[in-house]
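What follows is calculated from the coordinates using simple rules that are stated; it is not laboratory data. Quantities reported herein were computed from a predicted structural model and do not represent experimental measurements. All Cβ positions, glycine included, derive from the backbone under ideal geometry; neighbour counts span all protein chains shown.
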Amino acid sequence: MTFQERITLAFKNEQARRAANGDQRLTKTELWKAAGATSAAATHWFNGSNGMDLDTCVRVAPLLSVNPYWLFDESRPMSFSEGSMDAPNTTAGPDLRGRVPLISWVQAGHWNEAVNNFQEGDADEWLTCPKSHSNSTFALRVRGVSMEPKYRDGAIIYVDPEKSADHLSNVVVQLDDEAEATFKQLVIEGGKRFLRPLNPDWPGPKLIEINGNATIRGVVIGQFIED
């Protein structure tokens, strides 16, 4: 079985598995982003022009739910569950769901309009997201201490614009009179909506009412704190 046949088989199997479970459909865009490659590279994988080195297989295999060594070498088992001696003797890590762009707070403020025309080079960096997310998800680096202690200055947050913003969701919001987006907790009380910093020692306003003057750009679904 050629590499083209292996990746095509794995891709179709994963799409079928997700459809059966009601999960979001896997796309080739997720694959090339996870690989740190380009859309052209994905085209070459699936038309048989190029294969992948082992490091790239290791990055892509979690999205396809296959053994990366099989993706690289057909003599290996397709999955670890087939009794492969290559199965690690450690506990499983997070199920990596592809890469998302790390963008600026100015870009986040206009993300709904920019996402469809966003190019690979427009991001500061592409980061692996450990949680299931929509294709429009982005990442931001926290600035300041208003959301401490839960979100520290410098932490990376993952923001999904397609996740419902409910009471006590932590959200990224664009206020009409601000050039950059802001990060606060959403409070819904008595039919009104407010933004609240989590830091109990925050010297600024404890509640900011929002109505037609604000647009929620996404809900925080997780974070990464660098050492």
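Projecting the Cα positions of HIS167, ALA181, SER134 onto the charge dipole of the chain (unit charges on Cβ atoms of Lys, Arg, Asp and Glu, taken about the Cα centre) puts HIS167 furthest along the positive direction.
Once you list every other residue whose beta carbon is under 15 Å from the beta carbon of GLY48, what net charge do they have if Lys and Arg are +1 and Asp and Glu are -1?
Every neighbour counted, the sum reads 0.
Computed over the alpha-carbon pairs of the stretch 1-85, the distance histogram in 5 Å steps reads 3, 16, 26, 28, 17, 9, 2 percent, short to long.
Please list the equivalent ellipsoid semi-axes of the stretch 185-227, computed as the square roots of five times the alpha-carbon gyration tensor eigenvalues, in descending order and whole angstrom. It would help to have the intermediate numbers written out before the result.
Values: eigenvalues 99, 49, 17 Å².
For the stretch 185-227, the ellipsoid semi-axes come out as 22, 16, 9 Å.
For Rg/Rh (Cα atoms, Kirkwood Rh), the value calculated from this model appears in (i) 1.00; (ii) 1.05; (iii) 1.07 under label (ii). Within the shell defined by Cβ-Cβ distances under 10 Å, the residues around PRO197 carry a net charge of +1, with Lys and Arg each +1 and Asp and Glu each -1. Put +1 on the Cβ of each Lys and Arg and -1 on the Cβ of each Asp and Glu in the chain; which of GLY144, ILE208, ALA42 then has its Cα farthest toward the positive end of the dipole? About the Cα centre, the residue reaching furthest to the positive side is ILE208. Report, ordered by chain and residue number, the lysines lying within cross-link reach of LYS184, taken as a straight Cα distance under 28 Å and ignoring same-chain residues fewer than 8 apart. Reachable lysines: LYS131, LYS150, LYS163, LYS192, LYS206.
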